[in-house]
Amino acid sequence: MNHVPTSGSVLQVLDYPGNTSRIALTQDELAATLELYPPTPGPAITSISGRVTRSSTGVFGAYVVAFQNGVPVVGGITDPNGNYSIRGLPSIATAYTVRAVTVKRPSTAVSPYYSTLDHDFLSESYLNASTDPATVVTTVPGGNVPSINIDVAGANTADSWEPDGTQAAAKPIAVGTRQIHHSFPTADIDVVSFTATAGNLYLIETSNLGSGNADSDTTIRLRNPSFGILETNTDLNPKQKSRTSRIARRAAVSGTHYVEIFQSTGTVAGSGTAYDILVTDLGPATPTATVTTVTPNTGSQSGGYQVSVIGSNFLPGAGVIFGGTPANQAEVDWVTPMKLFVTVPAHAPGLVNVVVTNLASPSGSLTNGFTYFADITESFVDSTAAAYGTTLGATDAMAWVDYDSDGDLDSYLTQSLAAALFENDDTDPFMNVSVAAGITAGDNNPESVAWGDYNNDGCIDVYKLNGSSPKSVISQEGDLRSHARWR
């Protein structure tokens, strides 16, 4: 949020699905809040500043971000001369990787000022590194670290990893270190390689996807030492329509494994197609999963909605079973070792156990952890002809009211150049009492209607909104049970 060109911002933490009870600001949100509402006296500001250039010319609108362990902390947008300041960093000495990334250019209608921002460059780290961590910048508590300058290359150029599109040209990736890639030209495939140990669990994932002329949307494919396909993943969680990708798999054999990364839409390239690729070795660990809560813990028997499963020792690639029915593995999202987002499968009504199964590890179960309730399968029947004795045709508005106080709801309809009052005497069809009630005179294209006793005489009155004549209040008077008349 800090310095990001948006027309409006709301601080709201979303703990999916639907839990908004905890409002804990991120460092970026906190920095933005302090910028908007500075306390008095103001605290000493911890910051990093510098300039982003391309061919020695300042880049306007680059988003310069301080990352820690691959996670963005606080960022700032460059001004028309390429200058930036990342303000509001934690007031302790901390090492950051500083990266310049692209943002999507808003339309002139949304922001005339930022509609000319420059996002035609390759996202890069300080000192033109294409890895994270790279050369780190260590902050000075309460002070500024200046001259952290980044010179970027044009978007429609190959990144520093090319050529890397084949098994032979695969670039080794150090386990635990992110590589920053871009897709160029169209249909570009990047290949990285790593050495796996049989029995170890490996997590391969993309993150920090770019946005610019295009939006990065990755697909990853894991291949064995013989370059045979082991697994492919397009979306980390299709239910949430994520653009990132993740594969969790235990190596069956030791040796060099390969990961292909490419854009799911093969026609995009250049600006906005940046992504990080990371391989993490989780070792041979086979911890026993535990399940403590499911939130919410009730839902429809038809399934198809998401819940949070809370516990411990969840491994990437964990499966979830509801009463013997496994959830779709593609819709089990590993968030942390203590949380999963899961799309609930269909199941018969009743209490069920919820079981989390780790890859080749002991499972954990929560007895009666979820309750399915029966779906209500009611349907409506069109009773228009039976109630009115005919089909009504085009109707602008209608209102239900017991105008004669006999305990049955009557209906008032507005159609074309007239209105009609139908009395419900508890038999079909309703009786058209418009003429007897004297309510049609003077109607001219009535479009809306409302009922109320505006003069407090105990008789219900009607308010009409006419399309081509003044609106009117028609007051009821007379015997309510003998076709009361209006004037």
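The values are calculated or read from the model by the stated rules, or taken from the named source; none is laboratory data. This structure is a prediction, so every number in the text was calculated from the model and none was measured. FYI the Cβ positions are ideal-geometry reconstructions off the backbone, even for glycines, and counts take in every protein chain you see. Ligands, DNA and RNA are stripped out before the accessible areas are found, and what is left, the full protein with its side chains, is counted by its heavy atoms. Shrake-Rupley method; radii C 1.70, N 1.55, O 1.52, S 1.80 Å.
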Taking the range 159-173 and keeping residues open to solvent by less than 60 Å² (accessible area, probe 1.4 Å) and not basic (Lys, Arg) leaves Asp159, Trp161, Glu162, Asp164, Gly165, Ala169, Ala170, Ile173
Of the residues in the range 300-323, those that are open to solvent by less than 50 Å² (accessible area, probe 1.4 Å), assigned to a loop (DSSP other than H, G, I, E, B) and among the hydroxyl-bearing types (Ser, Thr, Tyr) number 0
Across (1) farther than 18 Å from Leu340 by Cα; (2) crowded, with 16+ Cβ neighbours inside 10 Å; (3) touching an Asp or Glu at 6+ places or on another chain (Cβ under 7 Å), Ser264 clears everything bar (2)
Hey, does the range 202-219 have a residue that's without any contact (Cβ under 8 Å) to a residue 60 or more places away in the chain and of a type in the set (A, V, I, L, M)? yes
May I ask you to verify whether Leu117 is buried (at least 17 other Cβ atoms within 10 Å of the Cβ) and in contact with a His (Cβ under 6 Å, 6 or more places away or on another chain)?
no
Scanning the range 343-371 for residues that are touching a Lys or Arg at 6+ places or on another chain (Cβ under 9 Å) and open to solvent by less than 40 Å² (accessible area, probe 1.4 Å) gives Thr343
Selection from the range 176-201 of residues farther than 12 Å from Asp159 by Cβ, under 30 Å from the mean Cα position of the chain (by Cα) and open to solvent by 10 Å² or more (accessible area, probe 1.4 Å) yields Gly176, Thr177, Arg178, Thr186, Ala187, Ile189
Among residues of the range 324-342 being touching a Pro at 6+ places or on another chain (Cβ under 9 Å) and not in a strand (DSSP E or B), the residue most open to solvent (accessible area, probe 1.4 Å) is Asn328
Quiz item: Somewhere in the range 76-87, is a residue closer than 28 Å to Val268 by Cα, open to solvent by 40 Å² or more (accessible area, probe 1.4 Å) and either at pLDDT 95 or above or in a strand (DSSP E or B) (or both)?
Solution: no
The condition of being surrounded by fewer than 20 Cβ atoms within 10 Å (Cβ to Cβ), out of contact with any Phe, Trp or Tyr (no Cβ under 7 Å at 6 or more places or on another chain) and touching a residue at least 24 places away in the same chain (Cβ under 8 Å) holds, among Ser226, Ser245, Ser271, Ser254, only for Ser254
Is it the case that Tyr63 is aromatic (Phe, Trp, Tyr) and more than 28 Å from Ala269 (Cβ to Cβ)?
no
Among Thr102, Thr139, Thr97, the single one that is over 17 Å from Phe60 (Cβ atoms), at pLDDT 90 or above, under 27 Å from the mean Cα position of the chain (by Cα) and surrounded by 18 or more Cβ atoms within 10 Å (Cβ to Cβ) is Thr97
Selection from the range 304-345 of residues closer than 20 Å to Pro362 by Cβ and among the polar types (S, T, N, Q) yields Ser312, Asn313, Gln329, Thr336
key: Hey, Pro72 in a loop (DSSP other than H, G, I, E, B), open to solvent by 10 Å² or more (accessible area, probe 1.4 Å), out of contact with any Cys (no Cβ under 8 Å at 6 or more places or on another chain) and not polar (S, T, N, Q) or not   = no
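The rows are residues; the columns are (1) small (Gly, Ala, Ser); (2) assigned to a loop (DSSP other than H, G, I, E, B); (3) at pLDDT 95 or above.
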| site | (1), (2), (3) |
| --- | --- |
| Phe184 | no, yes, no |
| Ile220 | no, no, yes |
| Phe227 | no, yes, yes |
| Lys239 | no, no, no |
| Ser242 | yes, yes, no |
